[in-house]
Amino acid sequence: MADAIIQVVAGKLIDALKEHSGRVLEFRSQFMELKTQLDFMKSFLVDANKLKRKEETVKTTLSMIRELTYDAEDILTDCLLRAEFRDHVFRCNHFLPREMIFQHRTSKRLKDINGRIEKMHKVLKTYLKTIGQQGVHDDVSSVIHRRWTSPAFDESSIVGLAEDTMKIIGWILPTKKQLHQVGIIGMGGLGKTTITQKIFNNHAILERFEERIWVSISQTVNEEETMKTMLKQLGEDTYGLDMGQMLPKIKQALEGKDYLIVMDDVWSVHGWWERLLAGLPKREGQSSAVIITTRKESVAIEMGVEKARIHQPRVLNEEESWALFCRIAFSSEKEAKQHYELEELGKDIVKKCCGLPLAIKTVGGLLKSKTLSTDVWRRIHNNFHDELATREGESSVMASLQLSYDELPTRLKQCLLCFSIYPEDSVISAEQLVHWWVGEGFVQGKDSRTAIELAFDYLSELISRCLVEVVKQRGFDGRVYTCKMHDLVRDLTIKIAREESFCSFDEHGKQRPSIQSRRLGFTGEEDVKSLNKKSKLRAFLMMNSSPVSPGKTIPLFRVRSLRVLDFSLNKLENIPIPKLLHWIISLQRLSYLNLRGVASLKELPQLIGDLRNLQLLVLNGCNNLQKLPSSITNLQKLNVLDLGYCPMMRYLPQGLGRLSNLQELSGFTVPSEADRNGCRLGELQWLSKLKVLRVNINEESDIAEEELTVLSHLKQLKVLSINTEGCEKEEIFRKLDGLSPPPHLEELYLRYYRGVTTPMWMNPKSLRDLHYLCIENGDLQFVHPSFEGGKTITWKVEGLCLKFLARLQVEWDLVMSVMPRIRYVEVSHCYMLKSFPCNTEKLGVWRK
């Protein structure tokens, strides 16, 4: 498959050249020549896509096209930024010395690129005549198979395995041993983890064991992280603990209790298990258990499992395999029978999966996304058969995964490859992924849909194709918060990312930074000394929370090519912040900056306003951040500004209304009357593209009467959050009662509201499109009469969340009558609710 990244970048570049050619008049002829050449390259990519096995000529050409495309995009970006700087900062003479130097260098770079493309063009013309309609298939290279694990699972997507589950439960429950060890062994994709998940969540197990702990063990065992995981699941704080303190604390937390520990996906022992096992409590009267899953019987035995207590699951039989396939590709076996013309093809495909659940689910997810036509299924069946004809065992799983990748739309391929830089077993923030994709230009807004919205759609599509797994999602609508990738799929993404130079990996799948590296997920182990001013690095993401020595990251400060910079998983405790900021403001192409949770960050430099390509700025959780510079209002491309949970931030600067492209604004604090330089609430009316707004109101905040209608001007607003934590002024709540939110609002969050009744505007007539309502904390006692609507007017709300509203008096019958579409309710610490179908004192959830 020709590089997905080339197709995306080349297409984006051509569109940009069409749109902005008038802004780079001094280079117009050279850019038009470049556009012509790029159109030809796109034609070559279509032809290259027909080739299943890449000959060296094709591989070399794709590599050249990739470099040329990136270089061309860099030049166009630089030119557009320069033009914007001239337009907004000083309408300078193009013949000033600095401008003449820039024009000379840019012209030279464009001439060089066009010359290289022309030479390549001549070579390809000859070559394309010879390729014909070759149909050789790619070999699937052997890779190391790994598994990620999680205790969460979807019961509805499981077929079979009941016999395996009950067998092991039968081993565990009756035993009188102080510590009983059980091993589950087998090849990757066989269902070891699924069986263990079923056991872990079994009702009898829940009653039997007071504590349950699930630990995923990677190939390279991190003993400290293993103990941290155990302590966190036991509800213990790990901050400041060293390894010598952790094990005694684990023992103390488990002392006198029956417990179940799962050690999933163990690859090696090397002493770590002996140390951990020695520290677990084993006393008279206790009866606990450990379940170990591994691909190697020798590992289970080495960990102390008796041979009689090692279980190897069987593969699914034909009936079970077909049932599982039908649940994925169709909604049920009953629906499958309605498409009898596909049944024979489907059963042939299932046979090729050799009873491996992972392969069945992956191919089923692929076919689910296709038209239910014989021709489409036969084409996939034929390709799949060719892949499997000469392979057996584990490679068939990789073949099915490769097929799923090949069938992805180009727009999803580069998004999937982004997972390759995350360490195995990573729980990945969906928001981080989405911001990265938008920052690099992998996803762009279309029509009324923003790039962020489309990016979440892309992630959902990858999940529906069984290539990405959900870890945590919102109960109301399934919005994904965190996700993971199965290690077999991850191995595939690493293989493809290496082939397409998406990232730099060695033969073992480890990241290997070099001057040619485009993307890097930094764990602290990588050697970044090779990164310098000539580096081509476009994306840098910090991958763990462990403190990193300055010597490890300072070489990064020489890089100038970054578009994506994400430190959100690390507090940068050992990094000199002034030096970091000085480097950041030199990154002229930077599009996405995330400094979430950097406690030592107190303010941003005034020169941050020179980063005119910046689209996403995330400063969430910077506890000591006090202010933003006024130059922030120069960032005309800014789409996302996130200042949530920045308690020291008194206000945002005046002029925020000039950010006409802003779509999400979080952490907007309404200033006091004394804060003359603060952005007033009324100024937000000019943010016409705003879709998400999260507002903080405190004791000092001042809202003028004329500002109460500001929200009604935000015609595209979909999500509104109002947080009045710490505010006790009755005047403020009187004014909040007079707000005018737009009627098309879809989600509303009200936190720490001190009024006795809900605001008057919180009614189905004023909020006729509201789908989700969340009220948390505060002094609410009753709902306003307007909340009930009327006989002909009811809420469209489908999800309702009520938390920590100790005085709120509402009957369930009222909720059902005024919210007939309600299908999800989440309640906690609401002691005066009546007749609710779920627990109202502790966390209770009801689903229709």
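Go through (1) part of a helix (DSSP H, G or I); (2) open to solvent by less than 10 Å² (accessible area, probe 1.4 Å) for ALA289 and report which single condition fails.
(1)
Here is a check on your reading of the model: is ARG474 farther than 18 Å from SER404 by Cα, modelled with pLDDT of 80 or more and surrounded by 16 or more Cβ atoms within 10 Å (Cβ to Cβ)?
So ARG474 does not fit the description; no.
For the condition open to solvent by 30 Å² or more (accessible area, probe 1.4 Å) and in contact with a Gly (Cβ under 8 Å, 6 or more places away or on another chain), what is the one hit in LEU316, LEU277?
After ruling out the rest, the residue left standing is LEU277.
In the stretch 506-517, is there at least one residue being modelled with pLDDT of 85 or more, part of a loop (DSSP other than H, G, I, E, B) and crowded, with 20+ Cβ neighbours inside 10 Å?
Yes, the stretch 506-517 has at least one match.
Of the residues ASP457, ASP447, only one is open to solvent by 40 Å² or more (accessible area, probe 1.4 Å) and either modelled with pLDDT of 85 or more or small (Gly, Ala, Ser) (or both); which?
After ruling out the rest, the residue left standing is ASP457.
Which condition from (1) farther than 26 Å from LYS510 by Cα; (2) surrounded by 17 or more Cβ atoms within 10 Å (Cβ to Cβ); (3) in contact with a Leu (Cβ under 6 Å, 6 or more places away or on another chain) is the one that LYS282 breaks?
Among (1) farther than 26 Å from LYS510 by Cα; (2) surrounded by 17 or more Cβ atoms within 10 Å (Cβ to Cβ); (3) in contact with a Leu (Cβ under 6 Å, 6 or more places away or on another chain), LYS282 violates only (2).
Do we find a residue being in contact with a Lys or Arg (Cβ under 8 Å, 6 or more places away or on another chain), within 19 Å of ASN613 (Cβ to Cβ), of a type in the set (Asp, Glu) and modelled with pLDDT under 75 anywhere in the stretch 72-82?
No: the stretch 72-82 contains no residue that is in contact with a Lys or Arg (Cβ under 8 Å, 6 or more places away or on another chain), within 19 Å of ASN613 (Cβ to Cβ), of a type in the set (Asp, Glu) and modelled with pLDDT under 75.
I need a count of the residues in the stretch 652-667 that are surrounded by fewer than 22 Cβ atoms within 10 Å (Cβ to Cβ) and under 17 Å from GLU707 (Cβ atoms).
Number satisfying all stated conditions: 3.
Assuming VAL827 fulfils every condition listed in (1) open to solvent by 50 Å² or more (accessible area, probe 1.4 Å); (2) without any contact (Cβ under 8 Å) to a residue 60 or more places away in the chain apart from one, which condition is it?
That leaves (1) as the condition not met.
Restricting to the stretch 747-765, name every residue that is open to solvent by 30 Å² or more (accessible area, probe 1.4 Å) and of a type in the set (D, E, K, R).
Hits for the stretch 747-765 are ARG751, ARG754, LYS765.
Given the structure, is HIS121 closer than 26 Å to GLY279 by Cβ and either at pLDDT 70 or above or not in a loop (DSSP other than H, G, I, E, B) (or both)?
no
Suppose the filter is open to solvent by less than 10 Å² (accessible area, probe 1.4 Å) and farther than 20 Å from LEU62 by Cβ; does MET485 pass it?
no
Taking PRO248 as meeting all but one of (1) under 21 Å from SER426 (Cβ atoms); (2) modelled with pLDDT of 80 or more; (3) open to solvent by 70 Å² or more (accessible area, probe 1.4 Å), write down the number of the exception.
So the condition that PRO248 fails would be (1).
Report every pair of residues separated by at least 6 positions or lying on different chains whose Cβ atoms are under 6 Å apart, first residue within the stretch 224-237 and within 16 Å of ASN544 (Cα to Cα), second hydrophobic (A, V, I, L, M, F, W, C) and surrounded by fewer than 15 Cβ atoms within 10 Å (Cβ to Cβ).
GLU224/MET243
So which residues in the stretch 718-740 are within 25 Å of GLU788 (Cβ to Cβ) and touching a strand residue (DSSP E or B) at 6+ places or on another chain (Cβ under 6 Å), if there are any at all?
Correct list: VAL719, LEU720, SER721, ILE722, THR724.
Conditions tested, residue by residue: (1) small (Gly, Ala, Ser); (2) open to solvent by 30 Å² or more (accessible area, probe 1.4 Å); (3) at pLDDT 80 or above.
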| residue | (1), (2), (3) |
| --- | --- |
| GLN312 | no, yes, yes |
| LYS352 | no, yes, no |
| ILE360 | no, no, yes |
| ASP406 | no, yes, no |
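Output yes when any residue across the stretch 724-746 is of a type in the set (S, T, N, Q), part of a strand (DSSP E or B) and buried (at least 17 other Cβ atoms within 10 Å of the Cβ), and no when none is.
no
The values are calculated or read from the model by the stated rules, or taken from the named source; none is laboratory data. Since this is a predicted model, take the numbers as computed values, not measurements. As a convention, Cβ positions derive from the backbone with ideal geometry for all residues, glycine included, and neighbour counts pool all protein chains shown. The accessibility values were calculated without ligands, DNA or RNA, using every heavy atom of the protein model including side chains. Shrake-Rupley method; radii C 1.70, N 1.55, O 1.52, S 1.80 Å.
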